[in-house]
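Undergrad: There's a structure below that I have some questions on.
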Amino acid sequence: MVELVDTIFANFNDVLSLKKEIYGVDKLDQESHTVTHPDGSCSITIGHNITISFD
């Protein structure tokens, strides 16, 4: 499973590079990214889980 997740993240770097180019930013300060099929039938979200906590 670890290998699969590493491969997915590595391959998704091409998508993130394209997104950076399209939106004209040097860095995307997001914890997750969602890509949706043009017809809206499905989407994939990739990122890191963030736990918000309060004192």
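Bear in mind these aren't lab numbers, they're just calculated from the coordinates by the rules spelled out. Predicted, not measured: the structure shown is a model, and the values here were computed from it. Here the Cβ is made from the backbone with ideal geometry for all residues, glycine too, and neighbour counts use every protein chain on show.
Undergrad: Just to confirm the filter: which GluC sites (Glu not before Pro) across the chain are DSSP coil and have at most 10 other Cβ within 10 angstrom of their Cβ? Working shown, then result.
TA: Values: sites: Glu3, Glu21, Glu31; in loops: Glu31.
Sparse-neighbourhood loop GluC sites (Glu not before Pro): Glu31.
Undergrad: Could I ask something else about it? Relative contact order for the chain using alpha-carbon pairs under 8 Å, separation at least 6, rounded to a whole percent? Please list the in-between numbers first.
TA: Details: 26 pairs, mean separation 12.3, N = 55.
Computed value for the chain: 22 percent relative contact order.
Undergrad: For the chain, with a Gaussian network of springs between Cα atoms less than 10 Å apart, report the residue from Ser43, Ser17, Ser32 with the top mean-square fluctuation.
TA: Result: Ser43 has the largest fluctuation of those listed.
Undergrad: Moving to a separate point now. Which one, Asp39, Asp26, Asp14, has the greatest fluctuation when you compute a Gaussian network model over the chain with C-alpha springs under 10 angstrom?
TA: Between Asp39, Asp26, Asp14, it is Asp39 that shows the largest mean-square fluctuation.
Undergrad: Mind checking the dipole of segment 1-49: about its Cα centre, +1 per Lys or Arg Cβ, -1 per Asp or Glu Cβ, Debye to the nearest 20? Walk me through the numbers before you get to the answer.
TA: Numbers: 3 positive and 8 negative charges, 22 e Å.
It comes to approximately 100 debye.
Undergrad: Give me a comma-separated list of calculated 3J(HN,Hα) values for segment 38-55, in order, Karplus coefficients 6.51, -1.76, 1.60 applied at θ = phi - 60°, integers in Hz, x for any Gly or Pro.
TA: Residue by residue, segment 38-55 yields x, 8, x, 6, 7, 8, 10, 10, 10, x, 10, 6, 10, 9, 8, 9, 10, 8 Hz.
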